[in-house]
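Below is one structure, written out as structure tokens; the observations come after it.
Read the figures in this text as sums done on the coordinates, not as results from a lab. All figures in this text were calculated on a predicted structure; none of them were measured in a lab. We place every Cβ from the backbone using ideal geometry, glycine too, and count neighbours over all the protein chains shown.
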Amino acid sequence: MMHGPAGPSNTVETTAPVLGIGAVGKRFGATRVLQDFTLDVAEGEIVTLLGPSGCGKTTLLRCVAGFWEADGGTIEIDGQDIVDVPVNRRPVGVVFQSYALFPHLTVARNVGYALRMRNKPRAEVAQRVASVLETVSLTGFENRYPSQLSGGQQQRVAIARVLVMEPRVLLLDEPFNALDAKLRGAMQVELRQLIKRLGLTSIFVTHDQEEALTMSDRIAVMSGGKIEQVASPDEIFDRPATAYVADFIGVSNFLETEVETGHVRLPDGQTVMTDLTGGVKVMTRPHNLRLGPPEAGPWKGTVSFHRNVGPLIEYHVEASDGNVIRVSAMRQERDCPVKDRSQVSLSVIDPASCSVYPG
């Protein structure tokens, strides 16, 4: 149960973070894109910056990488401020939306390009390239060209090209955008497992909530250049700190009501405790609702739409109070099929799983 928003803690451990971002700001003309942005990332942790276009997530990534200069604040890696360190000397690696592979170079030459530019010995380049290609399961592809690879293989080459430089911090800017939905899902799992196996400290940028829930140890949900909440995927989904986070992550039903001496009464008659006062919004997820026959309870409605979503069935119910309520149920849990225009009752399965926010 949520008793209204609480200030998030942006650290997960008392040990010094690998990446420390302190009160970073950034403007483009009159537009303030980042506002005193503060976040610590621990050793081996994957933190995802999640939010809509324009919320500042890619701007922050570019400031950490050194492509853009922050207007203020600190960016530290292992306790050393890197704000004045040139981009080519920062201990970070960036995987972009577009893989930007050199089409005229083989896989091995693409991966080893930056090492050669730094005049590393030929034997060292060959050894490091072979090792990193084995890491990303591309051994045997050394002499192929990008045009001879699948989208997933091209992405692995782009990742290998970063890993070969042995970055202290890995930055990933929506790296799955060029992939189809099925491959995208598979690559999310594969990349997370690879990052965790290598113990890389990483920041991942996406606007896709499912991607964030899959990839992350923690998610920082952003709005207007600030963090609304930073927490584990489970906590972000189950206990969103603000109505904005609740609305952005997953599907939510919001019910407007009034507090009655420390609690709010749900339309089905159950109550939720809260320390808020006055008008509030109660949020419940579709899976926390149950449909029943119309005579089963006081909260009634009409099914206006339903669809099959894999193992789930999603219902839209026009409630008697005018709200359209979304309900989801496992296929095998249905007592009987519910068709469009059916009269039903609704009930909350677990009132303690509802969240209450200021109205």
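Please report the antiparallel percentage of DSSP beta bridges with both residues in the chain, rounded to the nearest 5. Looking only at bridges with both residues in the chain, the antiparallel portion is about 75 percent.
In the chain, how many lysine pairs have Cα atoms under 18 Å apart, counting only pairs 8 or more places apart or on different chains?
On the way: Lys26/Lys57; Lys26/Lys226; Lys57/Lys226; Lys300/Lys339.
Count of close lysine pairs: 4.
Report, in deg cm²/dmol and to the nearest 500, the calculated mean residue ellipticity at 222 nm for the chain, where each DSSP H run with n ≥ 4 adds -39500 (n - 2.57) and the sum is divided by the residue count. Calculated mean residue ellipticity at 222 nm is -7000 deg cm²/dmol. To the nearest 10 degrees, how steep is helix 107-117 against the longest Cα principal axis of the chain, on a 0 to 90 scale? Taking the Cα atoms of the chain, the angle to 107-117 is about 60 degrees. Here segment 251-358 is assigned +1 on the Cβ of each Lys and Arg and -1 on the Cβ of each Asp and Glu. Its dipole about the Cα centre then comes out at about 420 debye.
Taking the mean number of other Cβ atoms within 10 Å as a proxy for protection, how do you rank 25-33, 238-246 from highest to lowest? Write down the numbers at each step before the final one.
Details: 25-33: 12.9, 238-246: 21.6.
Most protected by this proxy first, the peptides run 238-246, 25-33.
Relative contact order of the chain: 19 percent, from C-alpha pairs under 8 Å at least 6 residues apart in sequence.
Which is farthest toward the positive dipole end of segment 16-146 among Phe102, Val92, Val41, measuring Cα position about the Cα centre, with Cβ charges +1 (Lys, Arg) and -1 (Asp, Glu)? Final value for the positive-end residue is Phe102.
With +1 on each Lys and Arg Cβ and -1 on each Asp and Glu Cβ, and nothing else charged, work out how big the dipole of the chain is about its Cα centre, in Debye to the nearest 20. Show your work: numbers first, answer last.
Numbers: 36 positive and 41 negative charges, 319 e Å.
About 1540 debye.
Each of Gly269, Val280, Asn308 was scored by the projection of its Cα onto the charge dipole of segment 251-358, and the greatest displacement toward the positive side belongs to Asn308; charges sit on the C-beta of Lys, Arg, Asp and Glu.
Classify segment 251-358 from the C-alpha gyration tensor, please: rounded if a/c falls under 1.5, else prolate or oblate depending on whether a/b exceeds b/c. Could you put the intermediate results ahead of the total?
Numbers: a/c = 2.16, a/b = 1.84, b/c = 1.17.
Prolate, because a/c is 1.5 or more and a/b exceeds b/c.
Spread over its residues, the convex hull of the C-alpha atoms of the chain is 168 Å³ per residue.
Shape summary: segment 60-108 maps onto an equivalent ellipsoid whose semi-axes, from the alpha-carbon gyration tensor, are 27, 12, 9 Å in decreasing order.
I'm a student and want to see the number: the projected area of the Cα convex hull of segment 172-270, averaged over all directions, in nm². Show your work: numbers first, answer last.
Working: hull surface 35.7 nm².
One quarter of the hull surface, i.e. the mean projection, equals 8.9 nm².
Are there GluC sites (Glu not before Pro) in segment 257-357 that DSSP marks as loop and that have at most 12 other Cβ atoms within 10 Å, and which are they? Walk me through the numbers before you get to the answer.
Details: sites: Glu258, Glu260, Glu295, Glu314, Glu318, Glu333; in loops: Glu260.
Hits after loop and neighbour filter: Glu260.
To the nearest ten degrees, helix 122-135 and the longest principal axis of the Cα atoms of the chain are 20 degrees apart. Summary of the geometry: segment 112-130 and segment 153-222, compared by the centres of their Cα atoms, lie 24 Å apart.
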